[in-house]
1. Out of the stretch 290-311, which residues are open to solvent by 30 Å² or more (accessible area, probe 1.4 Å) and touching a residue at least 40 places away in the same chain (Cβ under 8 Å)?
2. Under the condition of being part of a loop (DSSP other than H, G, I, E, B) and polar (S, T, N, Q), which residue from the stretch 40-62 is farthest from residue 237 (Cα to Cα)?
3. Test of understanding: among 533, 539, 549, which residue is surrounded by 22 or more Cβ atoms within 10 Å (Cβ to Cβ), modelled with pLDDT of 95 or more and within 14 Å of residue 432 (Cα to Cα)?
4. Hey, could you check the stretch 374-388 for residues that are touching a helix residue (DSSP H, G or I) at 6+ places or on another chain (Cβ under 9 Å) and not in a strand (DSSP E or B) and say which is most open to solvent (accessible area, probe 1.4 Å)?
5. Which of the residues spanning the stretch 341-368 are touching a residue at least 24 places away in the same chain (Cβ under 8 Å) and either loosely packed, with under 13 Cβ neighbours inside 10 Å or over 25 Å from residue 130 (Cβ atoms) (or both)?
6. Pick from the stretch 416-464 the residues that are among the small types (Gly, Ala, Ser) and assigned to a loop (DSSP other than H, G, I, E, B): which of them is farthest from residue 317 (Cα to Cα)?
7. Under 6 Å between Cβ atoms, at least 6 apart or on separate chains: pull out the pairs that start in the stretch 117-144 with a residue that is at negative phi and end on any residue that is aromatic (Phe, Trp, Tyr) and in a helix (DSSP H, G or I).
8. Provide a single number: the residues in the stretch 444-484 that are touching a strand residue (DSSP E or B) at 6+ places or on another chain (Cβ under 6 Å), over 30 Å from residue 289 (Cβ atoms) and among the aliphatic types (A, V, I, L, M).
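The values are calculated or read from the model by the stated rules, or taken from the named source; none is laboratory data. Predicted model only: the values in this text are computed from it and were never measured. Here the Cβ is made from the backbone with ideal geometry for all residues, glycine too, and neighbour counts use every protein chain on show. The area values use the complete protein model at the heavy-atom level, side chains included, leaving out ligands, DNA and RNA. Shrake-Rupley method; radii C 1.70, N 1.55, O 1.52, S 1.80 Å.
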Amino acid sequence: MENNTYLNTTAAKKRKFDAIVIGSGISGGWAAKELCEKGLKTLVLERGGKMDHITDYKTAFTDPWKFPHRNSPTFADKEANPIQSKCYAWNEGTQHLFIKDEEHPYTQVKPFDWIRGYQVGGKSLMWARQCYRLSAMDFEANAKEGVGIEWPISYEDIAPWYSYVERFAGINGNKDGLPQLPDGEFQPAMEMNCLEKEMKSRLEQRFPNRKMIMGRSANHTLPLHGRGPCLYRNLCHRGCPVSGYFSSNSATIPAAQATKKLTLKPDSVVHSIIFDEKKQKATGVRVIDANTKEMSEYYAKIIFVNAATLNSTLILLNSTSSRFPNGLGNDSDALGRYLMAHNYRVRFGGLVEGYEDKYYTGRRPNSPYIPRFRNIGNDRTDKFLRGYAFGFSASRQGWERGNSIDGFGAEFKEEISKPGPWTVGMHAMGEMLPDASNRVSLNHDLKDQWGMPTLKIDCEWKANENAMSQDILEIGKEIMEAMGVQNISANDNHQAPGLDIHEMGTARMGNDPKTSVLNAFNQVHGCPNVFVTDGASMTSSACQNPSLTYMALTARACDYAVQELKRRNL
């Protein structure tokens with residue numbers, strides 16, 4: 001990103017814009033791109049610091065042996081960051097992209113691991129890049145089962161927007177023809193290795209309705225808009241200097257910059273949204289400078305809230321007025337409630353004999369995927385509602401196996417320098433049902449360093465998720481046995497919600513303002529010029545990785561918002 005994009009606050013005489021976007025992560029970057037390309041002078045407020053594409057990826061080319069601790073965090077690092085250090089992507093080369101726990105407190109009424117990255121681009125720099133559409137059955141499930149509330153949109157409403165964002169974001173994958181996982185607009189898929197192909201064959205021969213496909217990820221297998229392709233380094237979480245995967249920094253923010261309509265202001269902690277009682281709509285936002293602690297106000301015709309689920313909800317709850325004494329749009333008392341995550345508790349491992357003359361090339365940043373099959377067709381159970389998917393991978397052990405076996409000297413070194421046996425791993429991703437008691441609220445007794453209330457998070461797995469976990473253990477073993485895996489390990493680690501980093505649902509969409517916060521176009525009920533298009537808007541969670549849905553919802557809402565502006569309805 002060019003430095004002239006950033007707002008020079010000392011020189012800025014006007015604080016009026018056509019649009020304000022709060023947050024620069026996956027959904028915020030999309031809002032910036034869409035609004036700028038549609039001609040709106042847009043201000044993007046990011047609470048974290050500057051992060052220029054390429055030049056600020058300081059560890060992108062650092063070899064493991066050049067880190068002080070060989071890219072392994074120290075015990076002191078982990079003790080100082082007991083929550084962030086649990087994340088799969090957190091290590092010596094990436095921890096600067098995550099917050100420091102002690103600087104950003106929150107209250108866990110029940111255990112909840114809140115993983116955060118505050119910088120321009122947010123967690124779009126460190127995400128796992130898995131991109132799957134929700135299906136018609138996912139949008140219909142609540143209504144059919146009497147769970148939560150009905151989605152105000154259908155798959156047909158969002159399908160064109162899935163296609164729209166896929167073409168720009170660059171998703172690799174195959175056309176697999178599965179109704180529970182709709183096909184999209186794909187670049188060529190990455191390839192399974194030889195053992196994964198064999199595992200797929202064995203699984204589908206034994207269980208024809210349980211398919212293994214190649215994962216669909218936002219890594220570019222072909223060049224796209226000057227980005228990529230992926231170099232198969234699998235160092236994505238440090239930031240990609242060749243733009244080999246989709247991020248706000250490499251894709252949507254540069255697109256917004258190209259319009260000359262973007263103003264990007266980092267180090268801007270949004271305090272609240274300003275609601276005008278006479279106009280009955282929002283007029284702007286209050287912003288605290290992250291460094292000086294000074295408060296300023298910025299004004300716009302429309303506001304997009306994309307600070308990521310929990311921070312977006314915090315901002316809305318903190319935006320009180322005579323009209324909305326309990327938070328902006330909170331006539332229903334749904335704001336902060338129905339927090340959902342994904343159940344990643346259950347994991348499997350094992351060994352497979354043979355294929356010792358085979359290996360693979362590169363470090364593929366993607367893996368096979370077993371889409372949901374439970375409670376579909378003939379694979380039904382009355383033990384729980386909804387279903388789960390599996391991530392799967394096969395690889396050969398490397399020299400690291402020497403850490404857990406006996407040996408010493410030249411012969412030992414020679415032995416572990418050779419490829420070891422083939423191992424396989426599998427993890428589940430289960431749907432979590434919306435429940436009013438899973439919620440966040442403001443804690444006015446614990447303020448952050450900017451004097452703002454912090455969040456209290458009260459969330460736990462309920463009976464449906466626990467029953468699903470037990471089924472995952474049983475069915476997962478069945479799958480591993482069908483594939484001929486030996487020495488199978490299966491474990492439910494009972495990890496708390498949050499570590500999946502898929503929190504969603506605290507400002508849900510719905511048809512009725514009495515039971516929801518947003519309408520079918522992500523507008524806040526009662527405040528039509530404020531839109532929330534990140535994970536907070538989700539009415540149910542499905543079991544697919546949700547980021548692609550956030551992108552599609554954002555692009556769709558931006559298109560609608562600009563049309564409404566032209567009609568002078570906002």
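1. In the first step, residues of the stretch 290-311 are kept if they are open to solvent by 30 Å² or more (accessible area, probe 1.4 Å); the result is 291-297, 299, 301, 308.
Answer for the stretch 290-311, where residues must be open to solvent by 30 Å² or more (accessible area, probe 1.4 Å) and touching a residue at least 40 places away in the same chain (Cβ under 8 Å): 293, 296, 297, 299, 301, 308.
2. Here is the first cut: in the stretch 40-62, the ones part of a loop (DSSP other than H, G, I, E, B) are 40-41, 46-48, 50-62.
If we keep only those that are polar (S, T, N, Q) too, we end up with 55, 59, 62.
Numbers: 55: 15, 59: 10, 62: 13 Å.
Among those that are part of a loop (DSSP other than H, G, I, E, B) and polar (S, T, N, Q), it is 55.
3. Details: 533 fails: within 14 Å of residue 432 (Cα to Cα); 549 fails: within 14 Å of residue 432 (Cα to Cα).
Result of the check over 533, 539, 549: 539.
4. Looking at the filtered set, the residue picked out is 383.
5. As a first pass, look at the stretch 341-368 and keep what is touching a residue at least 24 places away in the same chain (Cβ under 8 Å): 341-356, 358-368.
Within the stretch 341-368, 351, 353, 354, 355, 356, 358, 359, 361, 362, 363 qualify.
6. The first filter runs over the stretch 416-464 and keeps only residues among the small types (Gly, Ala, Ser), leaving 417, 420, 425, 428, 430, 436-437, 441, 451, 463.
Those still in the list that are assigned to a loop (DSSP other than H, G, I, E, B) too: 417, 420, 436-437, 451.
On the way: 417: 56, 420: 54, 436: 16, 437: 17, 451: 15 Å.
The qualifying residue farthest from residue 317 (Cα to Cα) is 417.
7. 133/162; 136/155; 139/155
8. 4
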